[in-house]
Amino acid sequence: MKAIADYLRQTIYEVLPALQAISDEDASIKPLPQKWSKKEILGHLIDSATNNHHKFVRTMAQPHMEFVGYAQDFWVAGQYYNSRNWEEIVTFWHVYNLHLAHIIESVNPAYLQNTISISGSKPFTLAFIMEDYVEHMKHHLRVILPEANITSKFQNVYNA
Ligand code: NI
């Protein structure tokens with residue numbers, strides 16, 4: 001899984017300077033009342049990180065894991081990401097993902113075929129959800145940084 005971990009770290013370091021260059025004021029702007037600001041999108045990626053952190057470690061612990069989804073819009077609104085400091089959101093997202101890259105890199109290969117179902121979905125392997133996690137992140141980073149030309153190796157089909 002070193003390739004996926006490297007892919008995650010590479011994604012982070014590719015966009016980090018551009019994220020840090022965005023002002024706190026710009027990061028708070030909501031394009032439409034019902035659309036997420038940059039703070040809220042990166043906040044959603046922190047929520048994805050923490051939910052996937054649980055998925056990764058819990059799926060390592062047993063051959064099959066039944067997990068629950070989460071109300072994404074409520075998580076973003078309910079945590080008031082838009083009134084958080086942008087620099088701190090970026091740092092938190094950055095450092096949290098370095099830890100997830102470490103988990104992905106270090107996972108015992110014997111666990112990679114363990115499976116997880118989310119709210120009754122079909123089972124996905126741990127290897128697949130780790131890969132898909134990175135693609136979901138890229139999908140949202142493209143919205144924050146449309147000019148950054150963020151490319152994908154895989155298709156994001158599972159994480160939303
Ligand atoms: Ni999403």
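A compact table of results
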item: Extended-chain gain in nm, criterion 0.36 nm per residue less alpha-carbon gap, residue 80 and residue 147; result: 21.4 nm
item: Area of residue 88 that stays accessible when all protein chains are in place (1.4 Å probe, Å², to 10); result: 100
item: Per-peptide average of other Cβ atoms within 10 Å, ordering 111-118, 59-66 highest first; result: 111-118, 59-66
item: Rounded to the nearest 10 Å², the accessible area of residue 121 at probe 1.4 Å; result: 40
item: Stretch gain in nm, segment residue 113-residue 25, where the contour uses 0.36 nm per residue and the Cα spacing is subtracted; result: 27.2 nm
item: Accessible area of residue 96 in the full protein assembly, 1.4 Å probe (Å², nearest 10); result: 40
item: Reach of residue 55 by Cα under 29 Å, taken over lysines that are not fewer than 8 positions away in the same chain; result: 2, 35, 38, 39, 122, 138, 153
item: 4 °C / 1.567 mPa s Stokes-Einstein diffusion coefficient of segment 1-79, Kirkwood radius on C-alpha pairs, µm²/s; result: 87
item: Inverse mean reciprocal Cα-Cα distance (Kirkwood Rh) of segment 2-148, Å; result: 16.0
item: Segment 2-148: relative contact order in percent, alpha carbon pairs under 8 Å with at least 6 residues between; result: 36
item: For residue 40, net neighbour charge (Lys/Arg +1, Asp/Glu -1) across residues whose Cβ lies under 12 Å away; result: +3
item: Sequence of 128, 74, 56, 67 from largest to smallest accessible area, 1.4 Å probe; result: 74, 128, 67, 56
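The values are calculated or read from the model by the stated rules, or taken from the named source; none is laboratory data. Since this is a predicted model, take the numbers as computed values, not measurements. Counting neighbours? That spans all protein chains shown, and the Cβs are built from the backbone with ideal geometry, glycine included. Calculation scope for accessible area: heavy atoms of the full protein, side chains included, ligands and nucleic acids excluded. Shrake-Rupley method; radii C 1.70, N 1.55, O 1.52, S 1.80 Å.
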